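Encoded as structure tokens, the structure appears first; notes follow it.
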Amino acid sequence: MPFLSIVIPAHNEAHRLPGTLEKVLAFLRAQPYRAEVLVVENGSTDDTLALARAFQEANPDVVRVLHESRRGKGLAVQRGMLAARGEYRFLCDADLSMPIEELPRFLPPQQTDFDIAIGSRELPASRRLQEPAYRHLVGRAFNLMVQALALPGFRDTQCGFKCFRGEVAEDLFRYQTLTGMSFDVEILFIARRRGYRIVEVPITWYFDPDSRVRLVHDSFRMALDLLAIRWNAWRGRYDPPKT
């Protein structure tokens, strides 16, 4: 069993993925533990899958590639988390907007007594760099909706860097129903209902002008997803099987 699994969802990431994988692999070579990298390619129309498989062929002891024909970041993350084997499972955006060198903040010994560690761009020690003011404002507005409808107290649920203990990931992602951008909120909502210990980790984060987030469309879709989470909870969709 590897100590760490890094799960990278990748949709049409041919131009960013090679650089990201090179940085991640270089970082892991300097670590004292065994690790694996799972690239979950889903629904790409460019060379993402071929490039990922080339890295797998060159690094068969570290890199695994999963192909999913359906689109959806949440779907890709779910598949990667359930296929991972690590004692800790780290979600990593393909744009690597958080420097990979900050990953130890999410792991022992720097992080202790936790089940889930989520990167936060909103803590006093966090840094957001090169982000347009209007993007930040839209993000804060969505966070207010998240806090009102699902997760009061969390300042940043949408940052694409999160770490789960392996057994916790296997429990939570089996109950995930959302396949799009709001999967983070659903997973954390289930985790809080289960009583898992969730900590926010301050990070340095760089805005990528090639961001895939479409402000109006995605914000509306995610608002509907918040209502779906409440509906699923009321129906008992997230409750563990009764014994």
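We did not get these values from a lab; they are worked out from the coordinates using the rules stated. The shown structure was predicted, so the numbers you read here are calculated from the model rather than taken from an experiment. All Cβ positions, even for glycine, are placed from backbone atoms using ideal geometry, and neighbour counts span all protein chains on display.
For Arg70, neighbours were defined as the other residues whose beta-carbon sits under 15 Å from its Cβ, and their charges (Lys and Arg +1, Asp and Glu -1) total +1. Under a straight-distance cross-link criterion of Cα-Cα below 20 Å, which lysines are reachable from Lys162, leaving out those fewer than 8 residues away in the same chain? Here the lysines satisfying the reach criterion relative to Lys162 are Lys23, Lys73. Taking K and R as +1 and D and E as -1, what net charge do the other residues with C-beta under 15 Å from the C-beta of His136 add up to? Cβ neighbours under 15 Å give a net charge of +2.
Tell me, what is the FRET efficiency for Arg192 and Val138 to the nearest 0.05, using R0 = 22 angstrom and their Cβ-Cβ distance as r? E(calc), rounded to 0.05, equals 0.35. Charged side chains reduced to their Cβ positions (Lys and Arg at +1, Asp and Glu at -1) give the chain a dipole of some 740 debye around its Cα centre. Classify the range 142-181 from the C-alpha gyration tensor, please: rounded if a/c falls under 1.5, else prolate or oblate depending on whether a/b exceeds b/c. Prolate is the answer for the range 142-181, as a/c is 1.5 or above and a/b outweighs b/c.
Residues within the reach of a label modelled at Arg29 (point 7 angstrom out along Cα to beta-carbon, backbone nitrogen below 16 Å), restricted to the range 88-109, are 101. With K and R counted +1 and D and E -1, the other residues having a Cβ less than 14 Å from that of Arg79 yield a net charge of +4.
Determine, for Ile118, Ile198, the number of other Cβ atoms within 10 Å of each Cβ, and report the residues in order from fewest to most.
Least to most surrounded, the residues fall as Ile198, Ile118.
Among rounded, prolate and oblate, which fits the range 98-200 when a ≥ b ≥ c are the square roots of the eigenvalues of its C-alpha gyration tensor, a/c under 1.5 means rounded, and a/b larger than b/c means prolate? Taking the square roots of the gyration eigenvalues as a ≥ b ≥ c, the range 98-200 is oblate. Across the chain, the mean sequence separation of Cα contacts (distance under 8 Å, 6 or more residues apart), normalised by length, yields a relative contact order of 23 percent.
Build a GNM of the chain with springs between Cα atoms under 10 Å apart, and of Ala84, Ala35, Ala58 the one that fluctuates most is Ala58. Counting only DSSP beta bridges with both residues in the range 4-234, the antiparallel share comes to about 25 percent.
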